[in-house]
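Visitor: Mind looking over this structure? Questions follow.
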Ligand code: ATP
């Protein structure tokens, strides 16, 4: 399937489609029209059709889409039919919470090891994931075919560690540090800036209060 030129905006909407379709599938809904999906998801039916047309339209025939088929196909586009092995870098409060959360909500993403600069953490485990010293990180990535590095370290450390990661075969960085990372094209970065999200919320509170 030709996927070049598909906008990040479309890709950004796929996880939400996937989530709604998963719920519909679990409820036993076998078919769904773009109008119905539009009503549930609060987006226009034409937006849904346009989004799906990027991937060949998913064979809408007669009455709507086959829910299970659409769910599986979007899952494949998102690469969720593959196992992704990950490491955590920075086993502080946020890092530990992520490992605990992801190991519960496993969707083919699995933490194989955690790394930290603090010797007091070595030999300890987070939800069965062992914590190792930083100097073992590169070897671990290579030996265990790690795809994704999850960064939960302070800003300065994130920049330094990213530099090291660019010299490993890592495919992607899931960045929780409050900094924008520069990487070569072959490495994918998805940043989750929790503070930015909270600031947006703060702005909306202020705007709402000013309007009322
Ligand atoms: P939090 O728990 O909120 O993530 P924290 O108070 O535990 O934070 P931070 O300063 O945010 O500490 O650091 C997060 C983790 O990253 C800590 O466990 C810390 O030891 C680790 N860390 C800091 N610098 C580096 C580094 N250069 N390399 C690897 N790990 C680091």
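The values are calculated or read from the model by the stated rules, or taken from the named source; none is laboratory data. In this text, all values refer to a predicted model and were calculated from it rather than measured experimentally. Here the Cβ is made from the backbone with ideal geometry for all residues, glycine too, and neighbour counts use every protein chain on show.
Visitor: Return a yes/no flag: does region 127-135 have any residue that is in contact with a strand residue (DSSP E or B) (Cβ under 8 Å, 6 or more places away or on another chain), away from the ligand (no atom under 13 Å from the Cβ) and part of a helix (DSSP H, G or I).
Guide: No, that holds for no residue.
Visitor: Please specify each residue of region 152-192 satisfying the condition of being under 25 Å from residue 78 (Cβ atoms), in contact with a helix residue (DSSP H, G or I) (Cβ under 9 Å, 6 or more places away or on another chain) and assigned to a loop (DSSP other than H, G, I, E, B).
Guide: Within region 152-192, 152, 168, 169, 170, 176, 177, 181, 183, 187 qualify.
Visitor: With the structure loaded, tell me whether residue 14 is away from the ligand (no atom under 16 Å from the Cβ), surrounded by 13 or more Cβ atoms within 10 Å (Cβ to Cβ), part of a helix (DSSP H, G or I) and touching a residue at least 60 places away in the same chain (Cβ under 8 Å) or whether it fails that test.
Guide: For residue 14, the condition - away from the ligand (no atom under 16 Å from the Cβ), surrounded by 13 or more Cβ atoms within 10 Å (Cβ to Cβ), part of a helix (DSSP H, G or I) and touching a residue at least 60 places away in the same chain (Cβ under 8 Å) - is met.
Visitor: Now, a different point. Residue check: is residue 91 within 29 Å of residue 161 (Cα to Cα), in contact (Cβ under 8 Å) with a residue 24 or more places away in the chain, in the same structural domain as residue 163 (by TED's automatic domain parsing) and within 13 Å of the ligand (Cβ to nearest atom)?
Guide: Yes: the conditions hold for residue 91.
Visitor: Also: So residue 63 passes all but one of these: (1) in a helix (DSSP H, G or I); (2) in the same structural domain as residue 14 (by TED's automatic domain parsing). Which condition number does it fail?
Guide: Against the list (1) in a helix (DSSP H, G or I); (2) in the same structural domain as residue 14 (by TED's automatic domain parsing), residue 63 comes up short only on (1).
Visitor: Continuing with this model, one more query. For the list (1) in a loop (DSSP other than H, G, I, E, B); (2) at pLDDT below 95, I need the number of the one condition that residue 101 fails.
Guide: (1)
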